[in-house]
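Data first, discussion second: the structure below is written as structure tokens.
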Amino acid sequence: MTVETFKPKQTTTLDIPVKTLEATSTNAVTTGNRIGFVSLGCPKNLVDSERILTQLRIDGYEVTNSYDNADLVIVNTCGFIDAAVEESLDAVREALEENGKVIVTGCLGAKENQIREVHPDVLEITGPHSYEAVLKHVHKYVPKPEHNPFTSLIPQTGVKLTPKHYAYLKISEGCDNRCTFCIIPSLRGDLDSRPAGSILDEAKRLVESGVQEILVVSQDTSAYGKDKGGRTDFWNGMPVKQDITSLARQLGKMGAWVRLHYIYPYPWVDDLIPLMAEGLILPYLDIPMQHASPRILKMMKRPGRVDRQLEAIQRWREICPDLVIRSTFIVGFPGETEEDFQILLDFLKEARLDRVGCFKYSEVDGAVANTIAELISEEVKEDRYHRFMEVQAEISAERLARFVGRTLDILIDDVDEEGAIGRSFADAPEIDGMVFINGETELEPGMLVRARITHSDEHDLWAEVVDADTQD
């Protein structure tokens with residue numbers, strides 16, 4: 001972690017959460033009510049896992065991190081791209097081999113035949129956000145234990161799989177867009193927004209429990225409330241409009257960092273920028289733009305006016321100079337020509353985005369894009385991926401260098417023998433860079449400290465604490 005020994009690493013894609021179970025002694029003894037749980041996939045899936053685990057604990061079940069002493073194992077799967085499907089099937093295989101009694105849920109669960117073909121011995125299979133069905137199956141194979149709920153109280157925030165100082169807040173399910181590379185609507189359905197009052201109640205509970213950062217997630221966060229037909233909801237006896245700007249404004253009043261993920265580039269995103277400039281929510285936008293060639297965007301069924309996107313980025317930065325923009329792009333989309341790819345590189349150079357992820361197109365089973373044009377070879381996709389990342393690495397280094405010399409609030413995530421590791425407003429957990437504070441071994445996760453940035457590379461920052469008065 002010292003400045004002299006940088007370790008370049010790719011921080012552009014979200015790491016899939018590691019499996020939570022491991023094999024232990026073959027002589028392990030079960031209690032008759034222990035449930036093992038494996039959670040895979042994105043933060044939205046992680047929230048589903050937390051909800052299931054919370055209900056299991058409410059019902060009196062124990063949750064174990066070992067296959068051997070579990071009476072049943074639940075695997076919450078991801079099915080978005082082929083690599084995720086393969087990992088999910090491998091996780092199910094491992095659970096069957098190590099334990100034998102397995103229930104599968106999550107996105108891949110929507111493709112029951114695909115799972116049964118590989119793993120016919122799975123007990124039950126449910127699709128995503130099928131909480132009640134999962135619990136019903138658990139009750140079938142591992143009957144609810146007799147317990148006194150007052151002797152095993154569950155925190156009002158429920159069971160969380162994230163560190164106690166940050167949490168994901170899912171505000172809706174499903175998606176109304178029909179991007180040709182994506183099968184999420186077929187797995188999770190159309191947009192279904194949660195009532196604003198319910199969201200704000202959950203956010204308040206999180207903050208009261210010590211959460212310092214709320215990460216707002218959904219399939220299409222900026223579409224929140226569009227399925228509500230303009231109806232208002234109520235929270236604390238006051239009406240609340242059910243749209244993303246009104247919701248963000250209320251969340252911003254709770255005293256925690258509020259970070260918005262998966263913002264589809266609708267025109268009304270403009271309304272969020274003043275909230276960032278005012279400091280109500282973090283000046284951070286996660287906008288998956290996917291490409292920049294108008295021809296490819298049309299084939300993707302994505303917004304195709306790149307000139308308007310560039311104008312919007314310039315306008316946002318004028319209103320909120322500290323704005324950090326993260327995005328993701330796909331290279332090797334079917335039919336993508338060298339000219340299309342060059343348009344994408346030119347867009348990167350002009351837009352100067354802060355954080356960028358790149359995915360090589362994956363032929364997801366059921367995606368319309370697989371059949372609309374000639375598929376690109378793996379060699380070409382690999383070449384374009386590396387050329388893309390080379391261009392963006394230079395841009396990322398330039399954007400991060402502007403922080404050197406500034407003093408920022410740093411939220412501490414971890415502390416080891418070399419010092420503290422934290423994040424600034426510019427860094428989302430797991431997917432962006434980190435701030436290394438060497439030598440500060442007395443800090444603790446969850447503290448918010450003031451630190452002066454001393455160095456940067458294309459991914460991370462290095463800093464020194466300048467304010468000993470830490471907050472937690």
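The values are calculated or read from the model by the stated rules, or taken from the named source; none is laboratory data. These figures come from a predicted structure and were not determined experimentally. Positions of Cβ are generated from backbone atoms using ideal geometry, with glycine treated the same way; all protein chains shown enter the neighbour counts. SASA here: full protein model, heavy atoms, side chains in, ligands and nucleic acids out. Shrake-Rupley method; radii C 1.70, N 1.55, O 1.52, S 1.80 Å.
Some notes on this structure:
- Residue match in region 131-147 (condition: small (Gly, Ala, Ser), surrounded by 18 or more Cβ atoms within 10 Å (Cβ to Cβ) and either free of Cβ contacts under 8 Å to residues at least 40 places away in the same chain or touching a strand residue (DSSP E or B) at 6+ places or on another chain (Cβ under 9 Å) (or both)): no
- Subset of region 311-335 [open to solvent by less than 40 Å² (accessible area, probe 1.4 Å) and either among the small types (Gly, Ala, Ser) or assigned to a helix (DSSP H, G or I) (or both)]: Ala312, Ile313, Trp316, Ser327, Gly332, Gly335
- Condition broken by Asn438, with the remaining ones in (1) over 30 Å from Ile296 (Cα atoms); (2) in contact with a Pro (Cβ under 6 Å, 6 or more places away or on another chain) satisfied: (2)
- Considering Ile372, Ile421, the condition of being more than 26 Å from Glu311 (Cβ to Cβ), among the aliphatic types (A, V, I, L, M) and either open to solvent by 40 Å² or more (accessible area, probe 1.4 Å) or at pLDDT below 95 (or both) is satisfied by Ile372 alone.
- Scanning region 338-361 for residues that are open to solvent by less than 30 Å² (accessible area, probe 1.4 Å) and either of a type outside the set (D, E, K, R) or in a helix (DSSP H, G or I) (or both) yields a total of 12.
- Residues in region 161-198 that are more than 27 Å from Trp235 (Cα to Cα) and aromatic (Phe, Trp, Tyr): Phe181 only.
- Residue within region 27-42 that is within 15 Å of the chain's Cα centre (by Cα) and modelled with pLDDT of 85 or more present: yes
- Residue satisfying condition, being without any contact (Cβ under 8 Å) to a residue 60 or more places away in the chain, assigned to a strand (DSSP E or B), open to solvent by less than 60 Å² (accessible area, probe 1.4 Å) and farther than 20 Å from Met289 by Cα, within set Val465, Val380: Val465
- Where Phe403 falls short, out of the listed (1) surrounded by 18 or more Cβ atoms within 10 Å (Cβ to Cβ); (2) under 26 Å from Arg302 (Cα atoms): (2)
Here's the yes/no breakdown for (1) assigned to a loop (DSSP other than H, G, I, E, B); (2) closer than 19 Å to Ala167 by Cα; (3) not charged (D, E, K, R):
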residue: Ile412; (1), (2), (3): no, yes, yes
residue: Ile421; (1), (2), (3): no, yes, yes
residue: Asp432; (1), (2), (3): yes, yes, no
residue: Ile437; (1), (2), (3): no, no, yes
residue: Gly446; (1), (2), (3): yes, yes, yes
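- If the condition is being open to solvent by less than 10 Å² (accessible area, probe 1.4 Å) and free of Cβ contacts under 8 Å to residues at least 40 places away in the same chain, then region 83-108 contributes Val92, Val102, Ile103, Val104, Leu108.
- Residue satisfying condition, being of a type in the set (A, V, I, L, M), in contact (Cβ under 8 Å) with a residue 40 or more places away in the chain and over 26 Å from Tyr385 (Cβ atoms), within set Leu285, Leu247, Leu275: Leu247
- Selection of region 66-82 for residues being crowded, with 22+ Cβ neighbours inside 10 Å and outside any loop (DSSP other than H, G, I, E, B) yields Leu72, Val73, Ile74, Val75, Asn76, Thr77.
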